[in-house]
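Since the structure comes first, as structure tokens, the remarks are kept for the end.
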Amino acid sequence: MNEKILSEKLAYCAGIIDGEGCIRIKRSEYHMGKGDMISPEFSEQVQVKMTTIEAINVLNGLFPSSIILQENEHGRKKSYLWTLTSKRAYAFLVTISPYLRVKQKQVQNCLELRQLIEEGKETRPRKKEIVNKMQELYEKSKMLNR
């Protein structure tokens, strides 16, 4: 694919994300060992949910992921959900960031999270100060996506 066409497709993907996408930090918990200790895990997540599949197919063509068909209740249209998480979401955000106009703050928040994830890889469980910073970014993510 030549550079001009790739640039146009990336700009289109950024427009989809700016208009219909969600860039956030996801938090989940898992139990460590046999005790009651719970450790939070944080990851980047990018999602687009639409009732037509054409734009989702463009995203999926450049950044493959699963597409989930969601049947909706009460006579609403079915929708398609495209999701990237963790390193794949990070790589996507780095790639389309120059083209985004609306959601730059959400991207920067996720980039900061990735930096903390990489810093915290050496120790398990993670140091409390790193977990606290990740939690702050998670809270910021919720605020940015209201």
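The values are calculated or read from the model by the stated rules, or taken from the named source; none is laboratory data. Everything quoted here is computed from the prediction, not taken from an experiment. For neighbour counting, all protein chains shown are included, and Cβ atoms are generated from backbone atoms with ideal geometry for every residue, glycine included.
If you go through the stretch 61-71, how many residues are part of a helix (DSSP H, G or I) and either over 29 Å from MET134 (Cβ atoms) or at pLDDT below 95 (or both)? Write out each step before concluding.
Taking the stretch 61-71 first, the residues part of a helix (DSSP H, G or I) are 61-62.
Imposing the further condition that a residue be either over 29 Å from MET134 (Cβ atoms) or at pLDDT below 95 (or both) reduces the set to 61.
Matching residues across the stretch 61-71 total 1.
Among the residues of the stretch 45-58, is any closer than 30 Å to VAL131 by Cβ, of a type outside the set (Phe, Trp, Tyr) and touching a Lys or Arg at 6+ places or on another chain (Cβ under 7 Å)?
Checking the stretch 45-58: at least one residue is closer than 30 Å to VAL131 by Cβ, of a type outside the set (Phe, Trp, Tyr) and touching a Lys or Arg at 6+ places or on another chain (Cβ under 7 Å).
Restricting to the stretch 96-146, count the residues that are touching a residue at least 12 places away in the same chain (Cβ under 8 Å), polar (S, T, N, Q), surrounded by fewer than 15 Cβ atoms within 10 Å (Cβ to Cβ) and under 25 Å from ASP18 (Cβ atoms).
Within the stretch 96-146, residues that are touching a residue at least 12 places away in the same chain (Cβ under 8 Å), polar (S, T, N, Q), surrounded by fewer than 15 Cβ atoms within 10 Å (Cβ to Cβ) and under 25 Å from ASP18 (Cβ atoms) number 1.
So, in the stretch 56-67, how many residues would count as being buried (at least 17 other Cβ atoms within 10 Å of the Cβ) and touching a residue at least 40 places away in the same chain (Cβ under 8 Å)?
Result for the stretch 56-67: 2.
So in the stretch 10-54, with the set limited to residues that are among the hydroxyl-bearing types (Ser, Thr, Tyr) and outside any strand (DSSP E or B), which one is modelled with the highest pLDDT?
Ranking the qualifying residues of the stretch 10-54, first place goes to TYR12.
Determine if the stretch 66-88 includes at least one residue that is of a type in the set (Phe, Trp, Tyr) and touching a Lys or Arg at 6+ places or on another chain (Cβ under 6 Å).
No, the stretch 66-88 contains no residue that is of a type in the set (Phe, Trp, Tyr) and touching a Lys or Arg at 6+ places or on another chain (Cβ under 6 Å).
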